[in-house]
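Scroll down for the structure; my scribbles are underneath it.
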Amino acid sequence: MEAVEMKEINVGLVGYKFMGKAHSNALSRLGMFFDCSAQVNKRAICGRDEEWLKKSAEKFGWDSYETRWENLVVRKDIDAIDITAPSNAHKVIAISAAENGKHVFCEKPLAVNLADARDMLECVKKNGVKNQIGFNYRFAPAVQLAKNMIVQGKIGTIRHVRASYLQDFIIDPEFPLIWRLKKEVCGSGSLGDLGAHFIDLARFLVGDFKSVMGMQKTFIESRPIVESMTGLSAQASNKASRGLVDVDDGSVFIAEFENGALGVFEATRFAQGHKNDLSIEINGDKGSVKFVFERMNELQYYSADDEAGLQGFRLIQATEGIHPYMAAWWPTGHVIGYEHTFVHEMYEFYEAVANDKPASPDFADGVECSRVLEAVELSAQRRAAVDIRSL
């Protein structure tokens, strides 16, 4: 029998630093660990600094590079565009890519505001291209396990959700004014950068938000102008030269969900001692689940059906082949890490492209997240509750 030639999907990546490295690594791991429906090729990487870009292309294993995204999205040898650029570049790149018939993967948040996110969704729908947003925390096996348990009714009717995302990387007042602290570039501060993740997790595990009431605070209102940034590290050009911080350093809000559950949420980059502390707990009338990203291979589960005297939270190690995605990796008990969540989301996206099926989470999920983000900001400004569906 003649062998069937495997499909090929050629990728163009915009961005070559923190997220660019994470995505490049994920694409390299796909065929090694997963039985993919297509061969995914790292065809071209794109960025503005040609010296850095050339080094990154060689180090990350890309076939070629482009210094202008406008050139990348029109290349005939590119099937999908992966966007890891700062948030203010998402809309123009994604729309241009979709209009050129490219499938689009875009990091979160989808855009700097709800209106732009809606424009992006309308464009990918109009052009019939696959689209996915980078909510990688969904793809931790323990989170997928929690989802399965909730769907199976293991914790019953959900009553409460509480989530936080705590960091401390900008707590020094002399830390430079990076792009994540400029509203025109990022859209919002801790809320959009960190809160977007637990908003999506809450929607994924619990359901849609109905209303929110929030407060926000900027603790350090001016910072030294930045000279260079790599990942979450940065250098100031001159500490005497300062610029305005016009996004939130910390945000808190309460919420009601469409299904009647109540939620409490906190995002801050001013929590001393917390490096990347994302957690979410969900309480139902039959039990509870709790996930903490810094212990990402574990899920805590409480069942009210346990025998009296033996009740308590149990620790589930989500590292067995029976757990979502784990069969592709290592023997039981051999944990996986942060980078593997990107492999999982890339696997799902390119399987959707190869098999012509919907991707998830898609730009519609990105719009819903942006709707909650905007509602929280409006609530903080008005000091009043905001109905999500009014936006």
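What the table below lists for this structure:
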quantity	calculated
Where a residue in region 341-352 is free of Cβ contacts under 8 Å to residues at least 60 places away in the same chain and its partner, wherever it lies, is open to solvent by 10 Å² or more (accessible area, probe 1.4 Å) and of a type in the set (D, E), with Cβ under 8 Å and at least six apart	none
Verdict on V252 being touching an Asp or Glu at 6+ places or on another chain (Cβ under 6 Å), closer than 18 Å to Q167 by Cα and of a type outside the set (K, R)	yes
Subset of region 314-331 that is farther than 21 Å from G31 by Cα and touching a residue at least 24 places away in the same chain (Cβ under 8 Å) - its residue that is least open to solvent (accessible area, probe 1.4 Å)	A318
Within region 149-165, tally of residues that are among the polar types (S, T, N, Q) and either open to solvent by less than 10 Å² (accessible area, probe 1.4 Å) or under 29 Å from H23 (Cβ atoms) (or both)	1
Number of positions in region 44-68 that are within 19 Å of N10 (Cβ to Cβ) and in a helix (DSSP H, G or I)	5
Single residue of region 102-134 satisfying the filter (touching a Phe, Trp or Tyr at 6+ places or on another chain (Cβ under 8 Å) and assigned to a loop (DSSP other than H, G, I, E, B)) that is farthest from S188 (Cα to Cα)	K130
Odd one out for E256 among (1) surrounded by fewer than 17 Cβ atoms within 10 Å (Cβ to Cβ); (2) charged (D, E, K, R); (3) at pLDDT 95 or above	(1)
Residue within region 346-367 that is among the charged types (D, E, K, R) and open to solvent by less than 20 Å² (accessible area, probe 1.4 Å) present	yes
Total residues in region 164-180, condition among the hydrophobic types (A, V, I, L, M, F, W, C) and in contact with a Cys (Cβ under 7 Å, 6 or more places away or on another chain)	1
Residue within region 234-241 that is at pLDDT 95 or above, open to solvent by less than 30 Å² (accessible area, probe 1.4 Å) and assigned to a strand (DSSP E or B) present	no
Of residues in region 67-86 being open to solvent by 10 Å² or more (accessible area, probe 1.4 Å) and in contact with a helix residue (DSSP H, G or I) (Cβ under 9 Å, 6 or more places away or on another chain), the one nearest to R371 (Cα to Cα)	P86
Answer from A117, A97, A146 - the residue that is open to solvent by less than 30 Å² (accessible area, probe 1.4 Å), in contact with a Leu (Cβ under 9 Å, 6 or more places away or on another chain), aliphatic (A, V, I, L, M) and closer than 21 Å to N355 by Cα	A97
Residues that are of a type in the set (A, V, I, L, M) and open to solvent by less than 70 Å² (accessible area, probe 1.4 Å), drawn from region 29-66	L30, A38, V40, A44, I45, L53, A57
Those residues of region 306-347 which are of a type in the set (F, W, Y) and either in contact with an Asp or Glu (Cβ under 8 Å, 6 or more places away or on another chain) or under 22 Å from D82 (Cβ atoms) (or both), in sequence order	Y325, Y338, F342, Y347
Only one of D193, D200, D168, D172 that is acidic (D, E) and open to solvent by 40 Å² or more (accessible area, probe 1.4 Å)	D172
Filtered residue count, region 1-23, keeping only those that are surrounded by 17 or more Cβ atoms within 10 Å (Cβ to Cβ) and over 21 Å from K76 (Cα atoms)	6
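The values are calculated or read from the model by the stated rules, or taken from the named source; none is laboratory data. All values reported here derive from a predicted model rather than from experimental measurement. FYI the Cβ positions are ideal-geometry reconstructions off the backbone, even for glycines, and counts take in every protein chain you see. Accessible surface areas use protein heavy atoms only, side chains included; no ligands, DNA or RNA. Shrake-Rupley method; radii C 1.70, N 1.55, O 1.52, S 1.80 Å.
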